Structure formats: C-alpha cells, structure tokens
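Input: a single structure, listed below in structure tokens.
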C-alpha cells in the first residue's frame, strides 16, 4: 500500500514538474529557472550602460582598425583574426572617422592621438584608387588598390562614397577652427569629398546610379531610388560645389516623383515611405540609420516625406513586430528586439549574412538594430541594451556586442563584427545623448546649400 502511494505521489510530482517546465518555455521563451549562462546581476544606470556600449564599440575602430591604413576593416572575427584582415570598407571607414571624434569627446583617446590617426587615414584615402572621384566599396588596406565587391563591381561605389563623405564632412567641421595642423587636416578632408564627380553618375538621366568602373562602365545599372539607406547620396550630390545634381535628378531618382510615399500603417504607425518588398512592416532598420548619422532626420522634410516621422515609425513598427512575435520565437519581446542586415545563422548552424526584417525573420536578433535606433526609440532601445548586457557572457566581446544572436537556436551567437554594424551604435548613441553629429554635419555650409537646392526644410 505504501509503495502504491509512493508511486502515485511520484507521478503527481513528475506531472507538476512537467507542467512547470512547459509553462516556462512558452512563446516568449521566458524561463522560471535561472539561466546558468547569465552573468551575476550588475545594476548599471542608463548613463553607465551608454558609456559602456560606446567605449567598447569604439575599440572596433581604434584597437582593431587596419594597422597600415588606419581605415576600418570590413569585418573582424576575434576567434579567427586571419579572416580577411586586409579588406577595408569605405562606408565603415566613414563611420570610423566619426567614431574617433566620439573618442575625443568621451576621452577614450587624446586629441593629439586622434589627429595622428586621422591623418593616417586621410593620407590613405588620398592615395587610394578612385573612379570619377568615388572610392570603391572595398580597398586593400595595405596598397589602397580596389578589391572587387563582385565581378562587375570593381570601380566607384557612390553610396559607400557618400557614407565616407559624411564622415569627412564631420572631420572638416570639427577641426576647421583648431590648431594649424588641425585646420590642415580639416582642409584635406574637405577637399577629398568635394573631388567626387557626383553628376557623372547620372548617365545623363534624371537619377543617380550606384556603380561605375573603367572596365564595366554602368553595366550594373542600379538606380539609387528610395526608400532605403541612400538618401545621403542625393543630399551630398546636390551639395557638391563643382559636381552638383539638379533638383529634378532628386525628384525623379530618389523620390520617384512622389512614388516614394506609402499610405499603409502597422501597429498604429504610418509607414510613411515605401519599403519595396518589405512594404507591410518595413525593411531592415539600417534604412533609418546610415543616412542619418550626420543628416538629422528630425524636422527634415521634402515635398513628399517627413523623414523624422519615417525613421521613428519604422523603428516602432520593428519593435512592435517583436512584441507581437507572430512566429513565436524565443525571447522576442519588449526587451529583445531588432531586425536589420547583419551576420546570420545559416542552415548548417554556421555564420552567413542576410538583411533581417519582419519580411525576412528567421529568429536572429542584431544588437545594432535596437541600439542604433536609440534617438527614435530611447526607452525601448535601452531596455534592449539591458537584455544584451544581462547576457554579456555570450554577447559582449572585445569590440562591443557581437553582431547577431538567436535565443531560438540554443542562444547561437555570431561572435564576430562588421564595421557597418558597429559604427551606427556609437554614433547614434552620441546623437541621442548630445545631438553631436547632427549639429556638426548640419552646420556645414555646403550641406545646407544642397538641402536648400532640393527643397528641404530642416531644423537649424
């Protein structure tokens, strides 16, 4: 009798254990048991958390920059430093120029150290391959020779060039009233971006085209048209003193004569602009980051679009998609969100690359997505940063938070970095804290002239 009672009690106990386990592994992936991978709880204030994220991310562009050129490596894999160590990226280098200014402002490096490093980078850019004044997507960090991004993409990349020029303009503005050597640095940076022959990338049409090379010409024939990450290209093309485009090139090319506008809403937020195949819920979040590192979207509007509304709403739609979590991925929610282009988990469990978005959601979160959205979604972004920090044993590496991870797949982590994902984090945090780059870039006289030419209104 006692044995039967014991067995019966054991089954009841097992039943309740099973139910408790099931209850703790529902759609949100919240567990009632402590995660052995979590670090002991450390309470950081919001400011301390922002300080930590900026300081650690800065290392990508300082400690792990290319040693010969000082430019930003395309990628850095701590566990395999021999992985493509000499390919440097022009867009990422533009972000790196801006990150170094944060380093000065936040006392990570001295002003003298920064000027020395910046002069090295500027000298490299002066002597590197250029095509109609535009840099290619990739260069060899030792020689400055073009490294083809694809078989036909072996010449000038106008979008990468624009992202680099955004950083060069910030260098010019920051040092233009400094010491004699700093003013010389500012003048060189100014001369470099002004040497880009923006208007020759139109093919004599009312649009800009992304690529040109001596061997392939405009064979790729990719028109730069919104909405995506490329608005900065049209603004700088209009701002160029010697190679400017007309307002009609902007209207027909970027704005598609008004076709850029969208009328649909998600989660109560108007999408504002058309996101191509990701129309319903918006594309990857880098659309609202890259062009707006220096170009302030808040209060920025042309005859078709208010870009502040577009960026803010895009970010909140991406956030609310994670909260809804229609695919029931583990941990998605108020604290764990952010879909953008990054490394990803491929079908074999290794590292690949894709543009994550609600339309291409495979359960992989990219920390840069939520962190870089902080000017638009401050509370939501800081909550996400707390989640990333809570899981720092897995997510925080030698150059900031790793590029991507997936709680859905046993907390898989892409323990690697990409320049174009690290840069927006340190820059957008600074814009959130002080408006630093938005003030710096928007005070440039050529930028203001370009915006005026295109019919923009903007905050002064």
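Condition check for residue 402 on (1) without any contact (Cβ under 8 Å) to a residue 60 or more places away in the chain; (2) in contact with a strand residue (DSSP E or B) (Cβ under 6 Å, 6 or more places away or on another chain); (3) buried (at least 18 other Cβ atoms within 10 Å of the Cβ); (4) more than 19 Å from residue 429 (Cβ to Cβ): one failure, at (4).
Among the residues of region 107-151, the one identified as assigned to a loop (DSSP other than H, G, I, E, B), surrounded by fewer than 16 Cβ atoms within 10 Å (Cβ to Cβ) and in contact (Cβ under 8 Å) with a residue 40 or more places away in the chain is 142.
Of the candidates 360, 325, the single residue that is at pLDDT 95 or above and within 22 Å of residue 225 (Cβ to Cβ) is 360. Could we say that residue 392 is surrounded by fewer than 22 Cβ atoms within 10 Å (Cβ to Cβ), under 29 Å from residue 85 (Cβ atoms) and at pLDDT 95 or above here? Criteria met by residue 392.
Find the residue count for region 406-419, including only residues that are under 14 Å from residue 345 (Cα atoms) and part of a helix (DSSP H, G or I). The total comes to 3.
Here is a yes/no grid of residues against (1) in a helix (DSSP H, G or I); (2) buried (at least 24 other Cβ atoms within 10 Å of the Cβ); (3) modelled with pLDDT of 95 or more:
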position: 421; (1), (2), (3): yes, yes, yes
position: 426; (1), (2), (3): yes, yes, yes
position: 430; (1), (2), (3): yes, yes, yes
position: 437; (1), (2), (3): yes, yes, yes
position: 440; (1), (2), (3): yes, no, yes
position: 449; (1), (2), (3): yes, no, yes
position: 455; (1), (2), (3): no, no, yes
position: 460; (1), (2), (3): no, no, no
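Considering the conditions (1) in a helix (DSSP H, G or I); (2) in contact with a helix residue (DSSP H, G or I) (Cβ under 7 Å, 6 or more places away or on another chain), residue 298 is excluded by exactly one of them, (1). Apart from one condition, residue 215 fits all of (1) touching a helix residue (DSSP H, G or I) at 6+ places or on another chain (Cβ under 9 Å); (2) in a loop (DSSP other than H, G, I, E, B); the exception is (1). Mind listing whichever residues of region 301-333 are over 30 Å from residue 170 (Cβ atoms) and either assigned to a loop (DSSP other than H, G, I, E, B) or under 21 Å from the mean Cα position of the chain (by Cα) (or both)? Within region 301-333, 320, 321, 322, 325, 326, 327, 328, 329, 330, 331, 332, 333 meet the criteria.
The values are calculated or read from the model by the stated rules, or taken from the named source; none is laboratory data. What you are looking at is a predicted structure, and each value in this text was computed from that prediction instead of being measured. All Cβ positions, even for glycine, are placed from backbone atoms using ideal geometry, and neighbour counts span all protein chains on display.
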